[in-house]
Amino acid sequence: MTVADATARTSPSASTGESPWDSQHQEFDYVVRDVDGHIPEGLRGSLYRIGPGRLEIDGHPMSHIFDGDGMVSRLNIGPEGVHYRNRYVRTKSYAKTSATRQPPKGFSTQRIGGALANALRFPENVANTSVLLHEDVLYSLWEGGRPHRMDPETLRTDGPESFGGALKRLGAFSAHPKTDPATGEVFNFGLDFFPRPMIRCYRLDSGGRLHGIATVPIPKLGFVHDFALTERHMVFVLGPLVVRNPVPVALGLRPFDDALSYQPDLGTTIVLVPRDGGPQQTFEHDPLFHFHVTNAFEAGAETVVELVAHDASRGWTGWNSHLRDFRNSPGPAFGGTLTRIAVNRTTRTVQTSVLNDRGCEFPQLDQRLATTEHRFSYLAEASTPGGDPDSVTTIDHRTGSTSRYITGGGNSVCEPLFAPDPDADAEGRGWLLSLEHQAARRTSTLIILRAERPGDGPVATAQLEHHVPMTFHGTFASAPAGSSVRTQATS
């Protein structure tokens, strides 16, 4: 094992890995020696995970899980073994806070120095939310600003990306782009508030060129984290989580998340934006509190969206309080229910149905089925109400059956990502990959589960030499046929 960047260390206040939300200040590059079980012959490629790696700086804690500097982990997997590498995204914020040893202006974290130090400052781009791999470029994403371009193997940061100037003004590029598996095109959006609040819709082509598709005016600036993609539409489910009073934030008196408010009287607006241009369709629905989407597809006259809906009775303040208190009580913030919304474009009616009543988040699918009807959904679940996500679950929508792997021992899991079996074309034939935080050992392990039956337990695990803080999102990239895993660490 080698530590690649000694400057990534902090003072003796560095956390130990007892909690999945502890910081990891070191950068590693090594071959994982402790592998239990048999890594499937067909499983070869790179698993990328990203999340807030640095949640305190020199004894100064971040006030919210959204505010930690982005750290990317790459696990290169193959029959020969597993290689681990992690790197912090070298954003301007990372460089500045590493020098000053003070936290940045964040979603909830205030800069040291009171109102004058925070007035008229937008949260810093910490590039910590998700990753996109497109045309051999890895992008680290943070929805309030530009993505950062990275080398997919070394994880070297090459700087912020504007796609030849196509990202203008705020440069927002959402953390949840969607790739059409049939065309290879990537669709995404960004919020903007000039000259009025709006959503800017984009298409990233196979040559890496970004094209504007449409703008969606919105009456109030709100928190729009995700969207859905079908073969014909970009689908926005705009719940009533909106900016209520930005003045104290602008004056530096309050953090940005204090300006958000859940206003159920506004209801939910669903907007269908044609991928190839044309008039948008808008539908009104009951208020809905959600963040993450699994998938969407067209079924005759209906556009069907699957997402995780949260209990809105606590409002934004109640839900957000758990992410502010992420060191002690984050669990309830991850306890949504898997839900489908069917929008009939002819009758203009909207129907909602609950698919799974266990607390869950981070929904995923076999990405080869994206934009079309899918049979299986994969979830990070909590085995007890209000608990941390400690289970990886597969739901079969055709049979109604469920298979669930539960960690036990106070361990927790992150978003499960599907890796396809190259020798099987059927949906769901492959493996689910997740990082399991092992509280007692203060380390993390890669778990490999059969996607159809995660309840059978891991077919293989790769025990890391350290812990990885709870990650938000990631992607899996299959390796080309005939390639092999890197088995030599580099400094």
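Key figures
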item: Where a residue in segment 328-351 is crowded, with 23+ Cβ neighbours inside 10 Å and modelled with pLDDT under 95 and its partner, wherever it lies, is part of a helix (DSSP H, G or I) and not hydroxyl-bearing (S, T, Y), with Cβ under 7 Å and at least six apart; result: A333/W319; A333/H322; A333/L323
item: Residue match in segment 352-369 (condition: part of a loop (DSSP other than H, G, I, E, B), at pLDDT 95 or above and over 22 Å from the mean Cα position of the chain (by Cα)); result: no
item: Search result, residues across segment 176-209 that are closer than 22 Å to E124 by Cα, part of a loop (DSSP other than H, G, I, E, B) and in contact with a Gly (Cβ under 9 Å, 6 or more places away or on another chain); result: P197
item: Criterion: crowded, with 24+ Cβ neighbours inside 10 Å, closer than 19 Å to P152 by Cα and under 17 Å from the mean Cα position of the chain (by Cα) - qualifying residue of I65, I50; result: I50
item: Index of the failed condition, G387 passing every other in (1) part of a loop (DSSP other than H, G, I, E, B); (2) within 17 Å of G17 (Cα to Cα); result: (2)
item: Within segment 243-283, considering residues that are of a type in the set (F, W, Y) and touching a strand residue (DSSP E or B) at 6+ places or on another chain (Cβ under 8 Å), the one farthest from H322 (Cα to Cα); result: F283
item: Residue count, segment 71-94 (criterion: in contact with a Leu (Cβ under 9 Å, 6 or more places away or on another chain) and either of a type in the set (G, A, S) or closer than 20 Å to P330 by Cα (or both)); result: 2
item: Candidate set from segment 192-220 (those that are loosely packed, with under 12 Cβ neighbours inside 10 Å and among the basic types (K, R)); member that is farthest from L132 (Cα to Cα); result: R196
item: Filter pass, L210 being more than 26 Å from N344 (Cβ to Cβ), in contact with a helix residue (DSSP H, G or I) (Cβ under 8 Å, 6 or more places away or on another chain) and among the hydrophobic types (A, V, I, L, M, F, W, C); result: no
item: Enumerated strands (runs of 3 or more DSSP E) restricted to segment 253-302, each holding at least 2 residues that are acidic (D, E) and surrounded by 15 or more Cβ atoms within 10 Å (Cβ to Cβ); result: none
item: Subset of segment 50-108 [acidic (D, E) and within 15 Å of Q26 (Cβ to Cβ)]; result: E56, D69
item: Residues satisfying the stated conditions in segment 368-391, i.e. crowded, with 18+ Cβ neighbours inside 10 Å, within 23 Å of A296 (Cβ to Cβ) and polar (S, T, N, Q); result: T371, S377
item: Which numbered condition D226 fails, given (1) in a loop (DSSP other than H, G, I, E, B); (2) over 24 Å from L272 (Cα atoms); (3) touching a residue at least 40 places away in the same chain (Cβ under 8 Å); result: (2)
item: Strands (runs of 3 or more DSSP E) (entirely within segment 408-491) containing at least 1 residues that are under 18 Å from Q24 (Cβ atoms) and at pLDDT 95 or above; result: 430-438, 443-450, 460-463, 473-478
item: Filtered residues of segment 426-458 (kept if among the aromatic types (F, W, Y) and touching a Pro at 6+ places or on another chain (Cβ under 6 Å)); result: none
item: Scope segment 359-413; condition without any contact (Cβ under 8 Å) to a residue 12 or more places away in the chain and either of a type in the set (D, E) or closer than 24 Å to E427 by Cβ (or both); matching residues; result: T399, G400, S401
item: Sole residue being under 19 Å from S46 (Cα atoms) and buried (at least 23 other Cβ atoms within 10 Å of the Cβ), chosen from T394, T461, T471, T475; result: T471
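Each row is one residue, and each column tells you yes or no for (1) in contact with a His (Cβ under 9 Å, 6 or more places away or on another chain); (2) crowded, with 18+ Cβ neighbours inside 10 Å.
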| residue | (1), (2) |
| --- | --- |
| W142 | yes, yes |
| F173 | no, yes |
| H176 | yes, yes |
| P181 | no, no |
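The values are calculated or read from the model by the stated rules, or taken from the named source; none is laboratory data. The structure presented is a predicted model; accordingly, all values stated were derived computationally and were not measured. FYI the Cβ positions are ideal-geometry reconstructions off the backbone, even for glycines, and counts take in every protein chain you see.
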